[in-house]
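J.: Below is one structure. I have some questions about it.
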Amino acid sequence: MRIPLPALLCCSAATLLLLLRWRRRRGLWKKVKQAQQRQDRSLVKMQMAVQRFREQHPSMKTVPILSLPLPELTKKLRDGSLPPDHVFYAYVGKALQMATETNCITEYLQESETQIQKAKLPEKPGLLYGVPVSIKDSINCQGHDSTLGFIKNLNKPAAEDSVVVQVLRRQGAIPFVKTNVPQSLISYDCKNLIFGQTCNPLLYTRSPGGSSGGEGALIGGGGSILGIGTDVGGSLRFPAAFCGICGLKPTGNRLSKKGVIAGVLGQKAVVAAVGPMAKDVESLALCMRALLCEDMFHLDSTVPPLPFNEEVYSSTQPLRIGYYETDFFTMPSPAMRRAVREVKELLEDAGHTLVPFELTNVDRVIFNFCVRGMFADGGSSFLRKFKGELETSSLGPLFWLLKSPSWLKTALSWIVKPFVPRFSDILKSVRTNTVYEVWSLHCEIEEFCHQFIAQWKKLNLDVMLCPMLSPALGIGYPEKLSVAVSYTMLYNALDFPAGVVPVTLVTDEDEEELKGYQGYFRDWWDRTLAKAFRGSAGMPVAVQCVALPWQEELCLRFMKEVETLSLKKNMIV
């Protein structure tokens, strides 16, 4: 029997397409394998470098070096009592251990060895002279990839350092590793197809948070004394809270974002920021002090020339502090609520005034401002990033949502609203907007910000004490619980500086109280969040400290007060 020519041509074309697709996928997996091998080689280079240095300096003890707080470490480095190479290789060794345990490092910046060899104590050393610093994957370092977890970004090394890395180098710091992120950065977990899952150093079954998750894991495990992350929706604050460290999200343009790759390019509704992460607040302040210098203002003239205000940071005047225990959108875990209450009492006992702050319309902020604002083009810019990439099942529901036609989302939104109101709101938010609608949205956000500040000033507040989603959720849970970003994303929409400070640990009593957790909506997300919180006894719980725009020094001063009082209480206990 003869096969008709049209049918034969169709079969041949289909076969050819399948072969081409197979060949393309094979090429992509080959690139992934090469990147993983490069990552493995980085760790081998770290191991060899440390081993070689220890053989040359057999008497060097790393524990005393690793136990020094950053301010004390920099003092010893700058006065010459501690050699920079001893500090560098102590941290390379510890970073290697944490990379092996948590998979937090994507690349070793081998040129850092050359930098440390050439490091001679200058007459006026920079504030971070000799300090090894870890850098998030999405922040450009010359000669190295900024992948964002995308295969298409492999083998495309940055032509120059980002401004923040340039300033770090001018202040004497030594960027030595790049750290892992979730694919696209739009997640508060830390997993991608190239480098895999990063684990929490405190409990390997828990997420380190994201998108600066590699930074959180490395610093939380002691493998870095200072790191630089980014924050859009909590990307720096989640890892800090989950890994038991401190982090500061400044006002969006306080530090330069030049040479920092964004998750969703061009969107202005949810303001991104670059910020420091460290074990303690004093280290964050030292980093901000170093970065807010003439070099920063000269290299990026869009950054306002506002040097670090020492007077505000060192002030001891009593503060008037607003506070709330819940945003009435994401029900806080018992440990979260207890953390705010305990810190409130500590602050009152220390002579500060605490004033209740009524938070309203958080659902409008999340759905209408943040979800709608980030995906104002219907998500087409976001989807375009994944074109030609290998599929990732974790983002499947989001892809389905973004790709569905508007009529289907509108119909589904109307049908499910009585049963699952939050899902209905998400369906309504993810749509293609006209230019007029985007401009109107930006006006709405601006008006909301003015109203929020008016309420703040009516109460005559200096700063605000807020809950922070914690303890760390189990691996895989963040991708199911995108709605739980409400406590952090609010301050990206407002563009307020916000810092995270660990203040307590989950207790058995918290675990027992969690059994009655139902959430405000009693929907699938609330039930899933309750499961994600369980089994967390002993894990850190943090609070957020917030100030008005451009008042990072006041925010840090408040964070320092919270940290000091909490440490004092925990020592007594």
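The values are calculated or read from the model by the stated rules, or taken from the named source; none is laboratory data. Here the structure is a predicted model, which means the values were calculated and not measured. In this analysis, Cβ positions are derived from the backbone assuming ideal geometry, glycine residues included, and neighbour counts consider all displayed protein chains. Areas reflect the complete protein model, heavy atoms only, side chains present, ligands, DNA and RNA absent. Shrake-Rupley method; radii C 1.70, N 1.55, O 1.52, S 1.80 Å.
Residue by residue, here is whether (1) hydrophobic (A, V, I, L, M, F, W, C); (2) more than 18 Å from L265 (Cα to Cα); (3) at pLDDT below 95 holds:
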position: P132; (1), (2), (3): no, yes, no
position: L154; (1), (2), (3): yes, yes, no
position: G172; (1), (2), (3): no, yes, no
position: P182; (1), (2), (3): no, no, no
position: L202; (1), (2), (3): yes, yes, no
position: E215; (1), (2), (3): no, yes, no
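J.: Something else about it: Taking region 291-313 on its own, how many of its residues are among the aromatic types (F, W, Y), in a helix (DSSP H, G or I) and more than 14 Å from R170 (Cβ to Cβ)?
T.: Residues meeting the conditions: 1.
Each row is one residue, and each column tells you yes or no for (1) over 25 Å from T198 (Cα atoms); (2) under 25 Å from the mean Cα position of the chain (by Cα); (3) at pLDDT 95 or above; (4) in a helix (DSSP H, G or I).
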{"residue": "E72", "(1), (2), (3), (4)": "yes, no, yes, yes"}
{"residue": "G80", "(1), (2), (3), (4)": "yes, no, no, no"}
{"residue": "F88", "(1), (2), (3), (4)": "no, yes, yes, yes"}
{"residue": "V92", "(1), (2), (3), (4)": "no, yes, yes, yes"}
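Each row is one residue, and each column tells you yes or no for (1) modelled with pLDDT of 95 or more; (2) not β-branched (V, I, T).
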residue: L461; (1), (2): yes, yes
residue: S470; (1), (2): yes, yes
residue: Y477; (1), (2): yes, yes
residue: V483; (1), (2): no, no
residue: V503; (1), (2): yes, no
residue: Y520; (1), (2): yes, yes
residue: R527; (1), (2): yes, yes
residue: R534; (1), (2): yes, yes
residue: V546; (1), (2): yes, no
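J.: Sticking with this one: Residues of region 262-280 being touching a strand residue (DSSP E or B) at 6+ places or on another chain (Cβ under 8 Å), over 13 Å from P497 (Cβ atoms) and of a type outside the set (G, A, S), which ones?
T.: Matches in region 262-280: M277, K279, D280.
J.: Have a look at E389, E358 and point out the one that is over 23 Å from the mean Cα position of the chain (by Cα) and more than 28 Å from K191 (Cα to Cα).
T.: So the residue among E389, E358 that is over 23 Å from the mean Cα position of the chain (by Cα) and more than 28 Å from K191 (Cα to Cα) is E358.
J.: Taking the stated definitions as given, is G519 within 26 Å of G322 (Cα to Cα), among the small types (G, A, S), surrounded by fewer than 19 Cβ atoms within 10 Å (Cβ to Cβ) and touching a residue at least 12 places away in the same chain (Cβ under 8 Å)?
T.: yes
J.: Here is a list of conditions, (1) under 23 Å from C287 (Cα atoms); (2) surrounded by 21 or more Cβ atoms within 10 Å (Cβ to Cβ); (3) not small (G, A, S), and L96 meets all of them except one; can you say which number that is?
T.: Answer for L96: the failing condition is (1).
J.: List, please: which pairs have Cβ atoms under 6 Å, are six or more places apart or on different chains, and start with a residue in region 462-475 that is without any contact (Cβ under 8 Å) to a residue 12 or more places away in the chain and more than 15 Å from G233 (Cα to Cα) and end with one that is part of a loop (DSSP other than H, G, I, E, B) and open to solvent by 10 Å² or more (accessible area, probe 1.4 Å)?
T.: none
J.: Next up: Might you check whether a residue that is assigned to a loop (DSSP other than H, G, I, E, B) and aromatic (F, W, Y) occurs anywhere in region 145-164?
T.: yes
J.: So, in region 338-359, of the ones that are surrounded by fewer than 18 Cβ atoms within 10 Å (Cβ to Cβ) and out of contact with any helix residue (DSSP H, G or I) (no Cβ under 9 Å at 6 or more places or on another chain), which residue ends up farthest from M468 (Cα to Cα)?
T.: Among those that are surrounded by fewer than 18 Cβ atoms within 10 Å (Cβ to Cβ) and out of contact with any helix residue (DSSP H, G or I) (no Cβ under 9 Å at 6 or more places or on another chain), it is G351.
J.: Ok, one more. Identify, please: which residue in region 37-62 is part of a helix (DSSP H, G or I) and of a type in the set (S, T, N, Q) and is, among those, farthest from V177 (Cα to Cα)?
T.: Q56
J.: Among S283, S235, which is polar (S, T, N, Q) and farther than 30 Å from V435 by Cβ?
T.: Answer to the check: S283.
J.: Residues E107, E55: which one is crowded, with 22+ Cβ neighbours inside 10 Å, modelled with pLDDT of 95 or more and acidic (D, E)?
T.: None of the others qualify; the one that does is E107.
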